[in-house]
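FYI, it's all coordinate maths here, none of it is from the lab. All values reported here derive from a predicted model rather than from experimental measurement. So basically every Cβ, Gly included, is an ideal-geometry build from the backbone, and we count neighbours across all protein chains shown.
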Amino acid sequence: MESWLQQFIEFLPDGRIYLLLLFGIAFAESLPVIGLLVPGSTLIVLSGFLALHGKNSIILIALITTGGAFIGDLVSFWLGFYYGPTILKLRIFKKRYALVTQAEAHFVNHGGKSIFFARFLGPIRGITPFIAGLSRMSGRPFTRYALISAVLWGICYPGLGYFGGSSWQQAQSLSARFGLIIIILLAGTIIHYWVKRLLRNNQN
């Protein structure tokens, strides 16, 4: 293991405090604006890498990060549902109005699929559940999509670090490839939507 990583491990807390820290990272990354400031996915991949080298259990890490991501999405949705218009008036949101508008447009066009894909796309990860609440999306389908995406995220990202753990560079490379796959799937979904819409319009 790289010497800097060995030193980094020595500074990390152990046991429940370490797991609570990972929960907090996954939770914070799911919140609007705050999620832009927290490199959660990278840190969770790193936690999987460290698990391979004896830093806690990969199963516990997957469970904890899944829980943090899911609860974070629910809180973000709740904030948008009950306080969305008020929060958008804050200065910090005014600076990111374009991002909010893009996320809202994507959500309107793709609904539940937006909730799923946003979990794997850093810039819109935290804002999309907020927009879902602001748009008054029904709680049941939102919860279903949020849970599915949180479970997959909580398994995949620690898993990328764990199974690519012969070196941190390899883990990062595996993570980048996974991100590319997600982008390709998203692009395919969007293309399918537009083709379907075009065919429907031609029939009318």
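Multiply the residue gap between residue 135 and residue 21 by 0.36 nm, knock off their C-alpha separation, and tell me the result in nm, one decimal place. Mind dumping the intermediate values first?
On the way: separation 114, 0.36 × 114 = 41.04 nm, distance 3.15 nm.
So the extension gain works out to 37.9 nm.
Neighbours of residue 55, meaning other residues whose beta-carbon lies under 12 angstrom from its beta-carbon, give a summed charge of -2 when Lys and Arg score +1 and Asp and Glu score -1. Applying the Karplus relation 6.51 cos²θ - 1.76 cosθ + 1.60 with θ = phi - 60° to segment 15-22 yields 3J(HN,Hα) values of x, 5, 5, 5, 5, 5, 4, 5 Hz, where x marks Gly and Pro. Full extension of the chain between residue 121 and residue 83 gives 11.3 nm of extra length, using 0.36 nm per residue less the Cα-Cα distance.
What the phi angles of segment 63-70 give under the Karplus curve with 6.51, -1.76 and 1.60, with θ = phi - 60°, is a coupling list of 5, 5, 5, 4, x, x, 5, 5 Hz, glycine and proline written as x.
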